[in-house]
Amino acid sequence: MEAAVFSRPVERHAFGWLVAANALGVWLAALLLWPELGRLTGPLGYGRWMPLHLNWQLYGWCSLPLVGALAAWFVRPDAEGRWHLRLALSAWSLALALGGASWLAGVTSGKLFLDWHGWARPLLPLAMLALWAVLALHAWWRRREFSGGGLALRVALLLGLLAVPNLLFWAEGREVYPAVNPDSGGATGASLLGSTLGILVIFGLLPAMLRVPAGKVRAARWFWPALALSWVAYARVSHGDASHHAPEQIAALGLLLAWVPLLAVYLTGFGWHESARPWLHAALAWWALLVATGFLTFLPGLSEAWKFTNALVAHAHLAMAGLVTSINLMVLRQLRGGGTRRGFWLWQGGCAVHVAVLLLAGTLEAGRELEWYLRAGWTQAFYGVRLAAGVAMLTASVQWWREARV
Ligand code: HEM
Ligand code: HEM
């Protein structure tokens, strides 16, 4: 595992942000249970902390393990490569820390996951460019080491990655808005399909980037043609504002149901490291649950019942704390091995309870908003169980962060 040379610095940054963002999640969960705690932090109330929880999870924890996978694919695994990667990781973490300061100060665009605003707007795009420069330099230095196809794939990926900081900077603007579903104000079927297919491209590339040996099933043969066909279907669906009542939008999103078995057969067709395998299986279970319940969330009737309720908060945690976190642990364990059963079950158990209790709360919520507002006993019980589940998840992440330091 020559790529193990990168895994420690990546783990330190990635788990560090997971711990920080989880600690804020626990703080937010405590505030929902006992709002009077908010007096302790004066003007820094719930709304000021919320973007830190969201953005540190997405751009810190959800992103940095994938930076580790990119490093394993591009960067020369020696002391110099490790030093270059450390510089790029430090720039990234500095951007996140400064971003946190700006959101606490109330400087934000007000757009979910695109809060970077004012002086903070260029921070993350600049950190992305620094990382891109490291990857591009190493690809150039190592061009003779890579086979013809391998080099072409890396150049194509570099060209694609160059678009990301520019797109992010543009999307952060308050004047830019995506297509919306006029009947819900939320995402359209086409945009949900597009973003999930994008995630499938990343999942599909992981075995090659991490050099996971192919197993008995020659799954790679059909994965990419099937994904290309799905992108063709995506291109043919209407991309403007479109309702979740439109059969075309429902059918487009329904296409993802086929990807539940397809992704499972593909990823299990590789010979993953022993310590990565439990995370792979957990990720596939979360994936099946996410696609099935995500599809239901879009359907007329359920969409209205779950809108603005804890059921959507459950969905967000199922997707990110369940699926993305399991994929990321699979990546990190593939790079360096390690990890304990206790950490695995603490996270999975905590996350399953977290998601289940919020989904149930969301289902019971409609029509009983006043009871939530007045903090009736049963609503406090839901929030209490969620807080306990959050503490279990925080404990697991602290354990991983400590293991990464030794
Ligand atoms: C890793 C993948 C995914 C992530 C990170 C994710 C994340 C999110 C987030 C953060 C929200 C906003 C929640 C809120 O407004 O409170 C959301 C909404 C939603 N998601 Fe996902 N999601 C993912 C995959 C999916 C999939 C696969 C589907 C469908 C098959 C789906 C369907 C929906 C629907 C229908 C909504 C509600 C849109 C509305 O407000 O009307 N999501 N998702
Ligand atoms: C220690 C574990 C965690 C706790 C206690 C926690 C707690 C919370 C709380 C209290 C909220 C606000 C919900 C509301 O306004 O009603 C929230 C929102 C959110 N959290 Fe967490 N969280 C945890 C872990 C995570 C992780 C690991 C991720 C992603 C990797 C994540 C992603 C999100 C997202 C995307 C939202 C926005 C949901 C929405 O608007 O629908 N959380 N979390």
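The values are calculated or read from the model by the stated rules, or taken from the named source; none is laboratory data. No experiment lies behind these values; they were computed from the predicted model shown. Here Cβ is always computed from backbone atoms with ideal geometry, including for glycine, and neighbour counts include all displayed protein chains.
In the range 321-350, what count of residues is obtained for those that are in contact with a Gly (Cβ under 8 Å, 6 or more places away or on another chain) and of a type in the set (A, V, I, L, M)?
4
When the residues of the range 73-89 are narrowed to those that are touching a residue at least 60 places away in the same chain (Cβ under 8 Å) and either of a type in the set (S, T, N, Q) or part of a helix (DSSP H, G or I) (or both), which ends up surrounded by the most Cβ atoms within 10 Å (Cβ to Cβ)?
In the first step, residues of the range 73-89 are kept if they are touching a residue at least 60 places away in the same chain (Cβ under 8 Å); the result is 73-78, 81-82, 85-86, 89.
Those still in the list that are either of a type in the set (S, T, N, Q) or part of a helix (DSSP H, G or I) (or both) too: 73-74, 81-82, 85-86, 89.
Values: Trp73: 22, Phe74: 23, Gly81: 20, Arg82: 16, Leu85: 27, Arg86: 17, Leu89: 24.
For the range 73-89, the residue satisfying everything is Leu85.
Just one of Val26, Val19 is farther than 24 Å from Ala361 by Cα, at pLDDT 95 or above and either within 11 Å of ligand 2 (Cβ to nearest atom) or crowded, with 20+ Cβ neighbours inside 10 Å (or both); which is it? Walk me through it before giving the result.
Working: Val26 fails: farther than 24 Å from Ala361 by Cα.
Val19 is the lone residue from the list that is farther than 24 Å from Ala361 by Cα, at pLDDT 95 or above and either within 11 Å of ligand 2 (Cβ to nearest atom) or crowded, with 20+ Cβ neighbours inside 10 Å (or both).
Scan Gly362, Gly367 and give me the residue that is away from ligand 1 (no atom under 16 Å from the Cβ) and not β-branched (Val, Ile, Thr).
Numbers: Gly362 fails: away from ligand 1 (no atom under 16 Å from the Cβ).
Every option except Gly367 fails the conditions.
Can you spot a residue in the range 52-63 that is among the aromatic types (Phe, Trp, Tyr) and more than 10 Å from ligand 2 (Cβ to nearest atom)?
From the range 52-63, those among the aromatic types (Phe, Trp, Tyr) are 56, 59, 61; that's our starting set.
Imposing the further condition that a residue be more than 10 Å from ligand 2 (Cβ to nearest atom) reduces the set to 59.
Yes.
Could you grab the pairs with beta carbons closer than 6 Å, sequence gap of 6+ or different chains, first residue in the range 193-209 and touching a residue at least 60 places away in the same chain (Cβ under 8 Å) and within 19 Å of Phe298 (Cα to Cα), second one of a type in the set (Ser, Thr, Tyr) and assigned to a helix (DSSP H, G or I)?
Leu193/Tyr234
So how many residues does the range 223-281 have that are closer than 16 Å to Val291 by Cα and of a type in the set (S, T, N, Q)?
Total satisfying the criteria: 2.
Looking only at the range 153-170, decide whether some residue is closer than 21 Å to Leu227 by Cα, free of Cβ contacts under 8 Å to residues at least 60 places away in the same chain, within 16 Å of ligand 2 (Cβ to nearest atom) and of a type in the set (A, V, I, L, M, F, W, C).
Scanning the range 153-170, I find no residue that is closer than 21 Å to Leu227 by Cα, free of Cβ contacts under 8 Å to residues at least 60 places away in the same chain, within 16 Å of ligand 2 (Cβ to nearest atom) and of a type in the set (A, V, I, L, M, F, W, C), so the answer is no.
For every residue, the table says whether it meets (1) touching a helix residue (DSSP H, G or I) at 6+ places or on another chain (Cβ under 8 Å); (2) farther than 17 Å from Asn22 by Cβ; (3) buried (at least 17 other Cβ atoms within 10 Å of the Cβ).
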position: Trp347; (1), (2), (3): yes, no, yes
position: Gly350; (1), (2), (3): yes, no, yes
position: Glu365; (1), (2), (3): yes, yes, yes
position: Arg368; (1), (2), (3): no, yes, no
position: Tyr373; (1), (2), (3): no, yes, no
position: Arg386; (1), (2), (3): yes, no, yes
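Can you name the condition, by its number, that Leu302 falls short on among (1) more than 22 Å from the chain's Cα centre (by Cα); (2) away from ligand 2 (no atom under 16 Å from the Cβ)?
Leu302 satisfies all of (1) more than 22 Å from the chain's Cα centre (by Cα); (2) away from ligand 2 (no atom under 16 Å from the Cβ) except (2).
Yes or no, residue by residue, for (1) out of contact with any Ser or Thr (no Cβ under 6 Å at 6 or more places or on another chain); (2) among the hydroxyl-bearing types (Ser, Thr, Tyr); (3) within 9 Å of ligand 1 (Cβ to nearest atom); (4) in contact (Cβ under 8 Å) with a residue 40 or more places away in the chain:
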position	(1), (2), (3), (4)
Leu284	yes, no, no, no
Gly294	yes, no, yes, yes
Ala305	yes, no, no, yes
Phe308	yes, no, yes, no
Leu312	yes, no, yes, yes
Ser326	yes, yes, no, yes
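So, in the range 295-332, of the ones that are among the hydroxyl-bearing types (Ser, Thr, Tyr) and not in a loop (DSSP other than H, G, I, E, B), which residue ends up surrounded by the most Cβ atoms within 10 Å (Cβ to Cβ)? Break it down stepwise before answering.
Of all residues in the range 295-332, those among the hydroxyl-bearing types (Ser, Thr, Tyr) come to 297, 303, 309, 325-326.
Now restrict to residues that are not in a loop (DSSP other than H, G, I, E, B): 297, 303, 325-326.
On the way: Thr297: 22, Ser303: 18, Thr325: 27, Ser326: 24.
Within the range 295-332, the match that is surrounded by the most Cβ atoms within 10 Å (Cβ to Cβ) is Thr325.
Pairs needed: first member in the range 102-119, under 25 Å from Ala187 (Cα atoms); second member anywhere, among the aromatic types (Phe, Trp, Tyr) and buried (at least 16 other Cβ atoms within 10 Å of the Cβ); C-beta distance under 6 Å; at least 6 residues apart or different chains.
Qualifying pairs under 6 Å: Asp115/Trp103.
Examine the range 206-219 for a residue that is touching a strand residue (DSSP E or B) at 6+ places or on another chain (Cβ under 7 Å) and crowded, with 17+ Cβ neighbours inside 10 Å, and state whether such a residue exists.
yes
Identify all residues within the range 361-395 that are part of a helix (DSSP H, G or I) and touching a residue at least 60 places away in the same chain (Cβ under 8 Å); write none if there are none. Walk me through it before giving the result.
Within the range 361-395, the first condition is being part of a helix (DSSP H, G or I), and the residues that meet it are 361-365, 369-373, 377-395.
Residues satisfying the conditions are Gln380, Phe382, Tyr383, Gly384, Arg386, Leu387, Gly390, Val391, Met393, Leu394.
Taking the range 216-242 on its own, how many of its residues are touching a residue at least 12 places away in the same chain (Cβ under 8 Å) and more than 21 Å from Leu153 (Cβ to Cβ)? Steps first, please.
Initially, the range 216-242 is screened for residues touching a residue at least 12 places away in the same chain (Cβ under 8 Å), giving 216-220, 223-224, 226-227, 230-231, 233-234, 237-242.
This time we only want the ones that are more than 21 Å from Leu153 (Cβ to Cβ), so: 216-217, 233-234, 237-242.
So the count comes out to 10.
One line per residue, one yes/no per condition, for (1) of a type in the set (Gly, Ala, Ser); (2) touching a Leu at 6+ places or on another chain (Cβ under 7 Å); (3) at pLDDT below 95; (4) away from ligand 2 (no atom under 16 Å from the Cβ):
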| residue | (1), (2), (3), (4) |
| --- | --- |
| Tyr177 | no, no, yes, yes |
| Gly186 | yes, no, yes, no |
| Ser195 | yes, no, no, no |
| Leu229 | no, no, no, yes |
| Ala235 | yes, no, no, yes |
| Gln249 | no, no, no, yes |
